[in-house]
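Quick notes on the structure that follows.
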Amino acid sequence: MVSRQLMAVASLLALIALVMACTPAPQPDQAVVPTPTAAAGQPAEPTDAEDTPEPTMATEPTGPAADGSTRPATTGEPYRIGIFSDLTTTNYWSYLGPNTSTWNSYVLGPQAAALYGLADKTFALVPVIATDLPERPLVQEGEFFVSEIRMKEGITWTDGTPLTARDVAFTANTALQLRLTGNWGSIFDPTFLDRVEAVDDYTVRYYYRDDPGLAVHEYGALVGPIMSEAYWSPVVEQARTAVGGITPPAEKATEEEQEAYQRQLSEALNELYSHNPQDEPKIGPFTFARWERGAFAENTANDDYFFSGAEVTVFEEGYRDVKPGGYETVVGDTDGEPLVTYTVGPFVPAVIYTIYGDQNAALLALQQGEIDFMLNPSGLQRGLQTQIERQVGLNVIENPTNGFRYLSFNTRREPMGDRAFRQAVATLIDKEFVTQQILQGVASPIYSFIPQGNAFWYTDDVPKFGLHKDGTPMTREERVEAAIAILEEAGYSWEGGVRPTWDADNRQVVRGGTLVLPSGETMTELELLAPGPGYDPLRSTFAIWIEQYLNEFGIPVRANLTGFNIILERVNNQQDFDMFMLGWSLTIFPDYVRDFFHSDRAGLGDFNAGGFSNPEFDELADEIKVCKSFDECREISVRIQQVLAEELPYVVLFDTNIIEVYADYLQFPYTETLDGLQNLYGMPSIVTIE
Amino acid sequence: MECGSYAAARINCEEAAMFRFIMRRLVQIILTFLLFLALSYVLIEAMPGDFANVFLQDSRLTLEQRNAIRVSLGLDRPPHERFFIYIGALVRGDLGISFQYYPRRVVDVIMERAPRTLMLFISATIVSFYVGFFAGKVLAWRRGRVLEYVTTVGGVTLYTVFTPWFGLMMIWLFAFTLGWFPIGKFITPAVWRRAPVEANVVFNWMLLTALGVSVLIFGWLWLTRHMNGRWRGGIRWSGIGAILLVALTLWLPSGLGRYALNILHHLTLPVLTLTLISFAGTMLLTRNSMLETLREDYITTARAKGLPDNVIRDKHAARNAMLPVVTSLVFSLAFALSGGVITEGVFSWPGMGEVLLQSAVTQDIPMMMGALIFTGILALLAHLVADILYAFLDPRIRYA
C-alpha cells in the first residue's frame, strides 16, 4: 500500500519534471524591446483573397503639428486601433514576399518611406525622399535606359545613420539578385530593371534593359520601399550565399528541373524571410516597438522623422510640400483652392493595434473608448452602421472603394464568345433596380472598368448598355426591345419565332421561345457561378436576378450559388465554366486591365480566365504598360475603357462604399478619400487626438 | 485468463492484466491514429483550390511567379506524394512549415497558441464539471422540488443557447455595461506594453503553477485520506491553504504577478460564459447517474444505519455515480486543446480554435494537420486514461 502511494507520487513528480523540461524558455525577441528614448505616451469576409488590396506605396502622410511648430509634440495618449487579424511577420522582405496581407500592411506600412509617393486625394505621383519628379524620357546609355534620381539630404535612419543612395540601390538589387517574388517582383520588375547604382551619397540611377513605362518605373520601382543596407547586408549575404550556390536551370530545362530549382530557391530565401528584425532602423514616421502575438502590436513615433513639421498642400492639379528651413517641393499647378492642407507629424507617441476576433466586440470596445478607430479592408458591416450612427461620440463616414464586382463570360464557348450576346446580357441586367430597390442602395451600379473615384484615370465617355444617352436607366420594356434588336442584328432568333414580349398590364416579360444561335442551334442551359449568400449576399442576390432576367428572355441560365474556393478552382485552375461573378480590388494605376484581359494572360491558371482576345485591346494594353507620360497613359486608359465597355469581357455590375467609424476626438485633415481611411493605414502620422 | 483468489498472486495477476491491456490499447491507438491521419489529410485535400489562391489577389503576379510560389510550398506535387512526404516528416517529428505564417514552423505556432487554449478550456471544463457535478448531485437528492425544475430548465436553456450571441451578451453586460471585465482579448495592451517577457512565458508558468498546485493538493488529499475524521477536515484545508500560499509567495518576487493577474482578469468572463453554457451536460449526467445509484440497496442500508444525508449523498451515492461523469470529464479535457472556434472568436482569444479556423479558411494544410494531430493524440490517449481510471474507480472492473 505504501509503495503504491510512493509510486503514484513519484509518477506525478516525473510528469511535472517532464512538463517543466518541455516548457520553452523565454524568447529573446520582439516582445522585449527597449523603449525608444523619445517615446511618450495606446474581416466579410475580411481576409479573403479578393477583398485584400495589394500593399501600395501611397505615401501615408507623416503628420502635421497642431501648433505649427516644426517638431510636433509626440506626448499624450497613443492612437489605439482595432484590427481583426494578427500580423504574420514583422520582416519587411517577407511582408512584401510570401506574407503579403492587409493586416501586415496596416502595421508595417507607416514604418517605411520611398523615393516617391501618391498625393492625398488626387493620387498623383509626388516626390517624397526624391527632390523632384523623375525626368522623362529616360537617357539611353549604351544598351540601357537610365533614370537618375536625386535624393533629399539629411534624412537619417532611427539608428542615427544617414539614409543614402546605397540603401536605395541595395534594396532594389537585393530583390533582383535574390529573385524575390510576391510584390517584390511587381515593384522591381526583373523583365525591365537590370540594376540600381548609387552614384554618390544622394544620387541613384536606375538601369533598364528596355524603355520602361509609368507602370514599371514611376508606379513600380520608384515607389518601392527602402531598406537599411547596414542592417540587412549580413542577412542578405547569408541568403545570397545560399542562393548563389544554386544554379538556375537552363532555358530548356524540364519541368522537374524548374521545380527543383524553385524548391531550392525558396529554402535559401528562408534565411532572409525568417530573420527576426530586432532593432531594425527605419525611416518612416513610426518604428516597430512590440508584437504580442495574437494580442496587439505597437509602433512608436519616430521623433527624428525627417518630414515632421512639413506643410503639405494638395491642389486639383498640383502639390506643394514645404518644410520650413528644410526643403520646398512644388509639382504642377499650385494656384487655386487647395483640396487639403495639413502639417506632417506624427502627433501621437505610439500606435497600438489591438487584435479582435469579432467585429461586434471591437465595436463595443470603440463605444467604450477602449480603441479610437477600427481598420478593416471591408469596412464596417452595414447592419452595424445604423446602430452606430445613433451613438454619441462616434463619427461614421462612407467612401467609395477602388474596385468592382463583375459578371464574366467564358468567351471560348458559344454564345459567350459573341460580343452581341454579351451586349444583350448587359442590356438586360437592370443594375439600377437591383442596387437601389432590391439592395436598398447599399451598392452603386457602375459601367466603367476604372472606378469613378479614381478620377484621373476614369472616363464617363463609355458605352453604357441599359442606359439612355442622357444617363437615365431604360425601362424593362426598353431593355427587352434593345436586347432583341442587338441579337436579331447578329443573327439570333427564338424557337418557334416567338420572341419575348412585354406585358404592359401585368408589367412583366412574357417568355417566348428559347434563344436560337446564328448557327441554328438552340441554346443549352448556361451555368452562372456566383458566391453564396453566406459569403456575399450582394453578389448572390445579383446572380438570382440575372438568372431571372435572362431566363424570361429565353436565355436558359441556372445560377449556381457555391463556395468561393469552388469558383476559383473551376475558373482559374480548370477554366470549366460558362459565366461567373467575382470581384476585384484595384490599384490606382490602371495597368491591371492588361493582366485581366490581354490574350497572353488566358492560359490555365492565369487571370484572363474568360479567354478574352481582342487585337485592338491587346495593342492598347501593351501600350499602357510602356506609356511614358501621364497624358499619354491617360489617353490610352480612356480608349481602353471605351473598348472594354463595348466588348464587355466583363459586365461590371456594382461596387459598395466602405463604411468606417472613429471616435470623434480624432481629428483627420480630411476623411473623404478613395477606399477610405484604411487605405492610408488610418493616417497615424497626421491624426491628432483632442 | 482470470486471476486466482490468493491475494498477492491476484494483485500481480491483475497488474499483469492491466499492463497487457494498456499495451494492446497503445497498439490500437497507433493504428487508429494513422487512420485518423490519413482520413484528415484526404478530407483537407478534397477541398477545392489551395493556399496559393490567396495570391490571386495580385494580378501583377505572372502565372510563372504564382507557380513558383506553389512549388515553394510543395503544392505542385500530387496529393498522395505530399501525404507520404508528410508522414515521413511526421515520424521525424517535423510538422512542417505553416503557409500563412511562412516560414514559421507549425510546431512553433502550436506551442505559442496551445497554452492559451489549454488555460481557457481546461479552466472552463474543470469549473463547469464541478458546478455541474455539484448541481446534479443536489438535484438528484432533492427531486420534485422547484429548485430542480428551475435549474434543469435554466441549464438546458443555456446548453442550447446560440453561443456567439450568448458570448456577445455576456460581453455586453459584464464588460461593456458593468465594466467588470475587459471586452475580450487575453491581455490588456496598456499593461503589457512594457512587460519584460512575452505573454506565453507567463501563460506557461501559470499552467505549471496550476498543475503543480493540483498535483500537490491531490497528493495531500490522498495522503490524509486515512486520518481521523474529526481532524481531517481542518488538516486538509490547512494543507491546501499552505500550498496556495507557497504558490503565491513564489509568484510575488518574480515581478510577473501583475501580468498573471491581468490574464486571470481576462480569463474570467470567457470561463464564466463557457461554464454557463456547458455545466448542464454534466449536471444532467450526474443527476441521472445519481438517480440510478439512489435505488441501490446499499443506499437504503446507509439510511437505515442513520447516516447523515450529506454523507449518504456524497460518500455513497455520488462516489458511485461519478463513473460516467469522470469519463465525460476526461474526454472534455482531451478536446480542450482544440479549443472553440466560436468562443475564441467572440472573446478575441487567440488560441488553437482560431488557428484551426484560419488554417481551414486559407487551406494551410500543414497547420491544420498539426492542430488536428495534437487533438487526435489527446483524444485517443483520453480514451485510454478513461479506461484505466475506470479500473481504479470501480474495483469491479478488471481487464483480462
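Based on the Cα gyration tensor of the range A:170-322, what are the three equivalent ellipsoid semi-axes, each the root of five times an eigenvalue, rounded to whole Å and given largest first?
Calculated on Cα positions only, the semi-axes equal 32, 24, 15 Å.
Count charges around A:PHE373 for me, please; just the other residues with Cβ under 10 Å from its Cβ, Lys/Arg as +1, Asp/Glu as -1. Don't jump to the answer; show the numbers that get you there.
On the way: positive: A:ARG80; negative: A:ASP372, A:GLU660.
Net of charged neighbours comes to -1.
What nm distance separates the two modelled labels at B:LEU63 and B:LEU272, each placed 7 Å from Cα along Cα→Cβ?
5.9 nm
Run the accessible area of the protein assembly as shown with a 1.4 Å probe and give the carbon-and-sulfur part as a rounded percent.
58 percent
Using C-alpha positions alone, give me the convex hull volume of chain B per residue in cubic angstrom.
On the way: hull volume 83.8 nm³, N = 400.
Residue-normalised Cα hull volume stands at 209 Å³.
For the range A:471-598, what ratio Rg/Rh do Cα atoms give with a Kirkwood hydrodynamic radius?
Working: Rg = 17.2 Å, Rh = 16.7 Å.
That ratio equals 1.03.
Buried by at least 50 Å² relative to the chain on its own: which residues of the range B:86-116 qualify, computing accessible area with a 1.4 Å probe on protein heavy atoms?
Flagged in the range B:86-116: B:TYR102, B:PRO103.
Per-residue Cβ counts within 10 Å, from other chains only, averaged over A:253-264: what number is that?
Values: counts 0, 0, 3, 1, 0, 5, 8, 1, 2, 8, 7, 1.
Mean number of neighbouring Cβ atoms from other chains: 3.
If you take the accessible area of A alone, add that of B alone, and subtract the area of the pair, what total do you get in Å², probe 1.4 Å, to the nearest 100?
Details: alone 28970 and 22800 Å², together 45350 Å².
Buried area (both sides, nearest 100 Å²): 6400 Å².
Students often forget the sequence filter, so: which lysines lie under 25 Å Cα-Cα from A:LYS625 once same-chain residues fewer than 8 apart are removed?
Correct list for A:LYS625: A:LYS121.
For a protection proxy built on the mean count of beta-carbon atoms within 10 angstrom, sort B:83-93, A:198-208 highest first, please.
Order by mean packing, descending: A:198-208, B:83-93.
Determine which lysines satisfy two conditions relative to B:LYS137: a Cα distance under 28 Å, and not lying fewer than 8 residues away in the same chain.
Hits, sequence-local ones excluded: B:LYS305, B:LYS315.
Run the reach check for A:LYS323 against lysines, Cα to Cα strictly under 17 Å, same-chain hits fewer than 8 apart removed. What comes back?
Partners within reach: A:LYS152.
Can you compute the FRET efficiency between A:ASN276 and A:GLN238 using 1/(1 + (r/R0)^6), with r the Cβ-Cβ distance and R0 = 22 Å? Round to the nearest 0.05. Kindly include the intermediate steps, with their values, before the conclusion.
Details: r = 14 Å, r/R0 = 0.62.
In this case the efficiency is close to 0.95.
If you take the square roots of the eigenvalues of the alpha-carbon gyration tensor of the range A:523-629 and sort them as a ≥ b ≥ c, do you get rounded (a/c under 1.5), prolate (a/b over b/c) or oblate? Working shown, then result.
Working: a/c = 2.08, a/b = 1.81, b/c = 1.15.
The shape class here is prolate.
Would the range A:545-690 count as rounded, prolate or oblate if I go by the C-alpha gyration tensor, calling it rounded below 1.5 in a/c and otherwise prolate when a/b exceeds b/c, oblate otherwise?
Taking the square roots of the gyration eigenvalues as a ≥ b ≥ c, the range A:545-690 is oblate.
Taking each residue in A:83-90, count the Cβ atoms of any other chain within 10 Å of its Cβ, then average. What number comes out?
3
Using a ≥ b ≥ c from the Cα gyration tensor of the range B:269-391 (square roots of the eigenvalues), is it rounded, prolate or oblate, where a/c under 1.5 gives rounded and otherwise the larger of a/b and b/c decides, a/b for prolate?
Details: a/c = 4.70, a/b = 2.36, b/c = 2.00.
The shape class here is prolate.
Taking the Cα centre as origin and putting +1 on Lys and Arg beta-carbons and -1 on Asp and Glu beta-carbons, what dipole magnitude results for the protein assembly as shown, to the nearest 20 debye?
Around 8000 debye, computed over the protein assembly as shown.
Show me B:143-155, A:157-169, A:305-317 ranked by packing, highest mean number of other Cβ atoms within 10 Å first.
Put in order of decreasing packing, that is A:305-317, A:157-169, B:143-155.
Using a Förster distance of 60 angstrom, determine the FRET efficiency expected from the C-beta separation of B:ASP309 and A:ASN506, and round it to 0.05.
On the way: r = 78 Å, r/R0 = 1.30.
Using R0 = 60 Å, I get an efficiency of 0.15.
Placing +1 at every Lys and Arg Cβ and -1 at every Asp and Glu Cβ, with all other atoms neutral, what dipole size does the range B:76-145 have around its Cα centre, in debye to the nearest 20?
Numbers: 11 positive and 5 negative charges, 133 e Å.
Computed charge dipole of the range B:76-145: roughly 640 debye.
Just to be sure I understand the interface: list residues from the range A:162-203 that lose 20 Å² or more of accessible area between the chain on its own and the complete protein assembly, 1.4 Å probe.
Buried by the other chains: A:THR181, A:GLY182, A:SER186.
Please compute the average number of Cβ atoms from other chains found within 10 Å of each residue's Cβ in peptide B:69-77. Intermediate values should be presented prior to the final figure.
Values: counts 6, 3, 9, 11, 3, 3, 0, 6, 2.
Per-residue shielding by partner chains comes out at 5.
What order, most packed first, do the peptides A:651-661, A:603-613, A:131-141 have when packing is the mean number of other Cβ atoms within 10 Å of each residue?
Working: A:651-661: 22.5, A:603-613: 19.9, A:131-141: 13.4.
Descending packing order for the listed peptides: A:651-661, A:603-613, A:131-141.
Which listed residue (A:VAL434, A:LEU125, B:TYR149) has the Cα farthest towards the positive end of the charge dipole for the protein assembly as shown, taking +1 on Lys and Arg C-beta and -1 on Asp and Glu C-beta about the Cα centre?
B:TYR149
Return the long-range amide H neighbours of A:ILE658 (sequence gap of 5 or more, or a different chain), with a cut-off of under 5 Å between placed amide H atoms.
Placed amide hydrogens put A:ASN399, A:THR401 under 5 Å from A:ILE658.
Please check the range A:294-327 for residues whose accessible area, probe 1.4 Å, is lower by 30 Å² or more when all protein chains are in place than in their chain alone.
Residues of the range A:294-327 that lose at least 30 Å² of accessible area once the other chains are added: A:GLY294, A:ALA295, A:PHE296, A:GLU298.
Take the Cα coordinates of the range B:91-203, assign each an equal point scatterer, and use the Debye formula without solvent to give log10 I(q)/I(0) at q = 0.12 Å⁻¹.
Listed by q, the Debye log ratios stand at -0.74.
Where the convex hull is taken over the Cα atoms of the range A:313-468, what is its projected area averaged over directions, in nm²? Mind showing how you got there, number by number?
Details: hull surface 63.6 nm².
Taking a quarter of the hull surface, the average projection is 15.9 nm².
Run the helix sum for chain A: -39,500 (n - 2.57) per DSSP H stretch of 4+ residues, divided by residue count, reported at 222 nm to the nearest 500 deg cm²/dmol. Intermediate results must be reported in sequence, preceding the final value.
On the way: 16 runs with 185 residues, N = 690.
Helices in chain A give a 222 nm mean residue ellipticity of -8000 deg cm²/dmol.
Search the structure for amide H atoms under 5 Å from the amide H of A:MET374, placed 1.01 Å from N in the peptide plane, and list their residues when 5 or more places away or on another chain.
Correct list: A:GLY82, A:VAL661.
In Å², what does the accessible area per residue of the protein assembly as shown work out to with a 1.4 Å probe? Before the final figure, lay out the partial values.
Values: 45350 Å² over 1090 residues.
I get 42 Å² per residue for the protein assembly as shown.
May I ask for the Kirkwood hydrodynamic radius of the protein assembly as shown, worked out over all distinct Cα pairs and given in angstroms to one decimal?
Values: mean 1/r = 0.0305 Å⁻¹.
So the Kirkwood estimate lands at 32.8 Å.
The values are calculated or read from the model by the stated rules, or taken from the named source; none is laboratory data. All of these numbers come straight from a predicted model, not from anything done at the bench. All Cβ positions, even for glycine, are placed from backbone atoms using ideal geometry, and neighbour counts span all protein chains on display. For the accessible areas, the whole protein counts, side chains as well, though only heavy atoms, and no ligand, DNA or RNA atoms are used. Shrake-Rupley method; radii C 1.70, N 1.55, O 1.52, S 1.80 Å.
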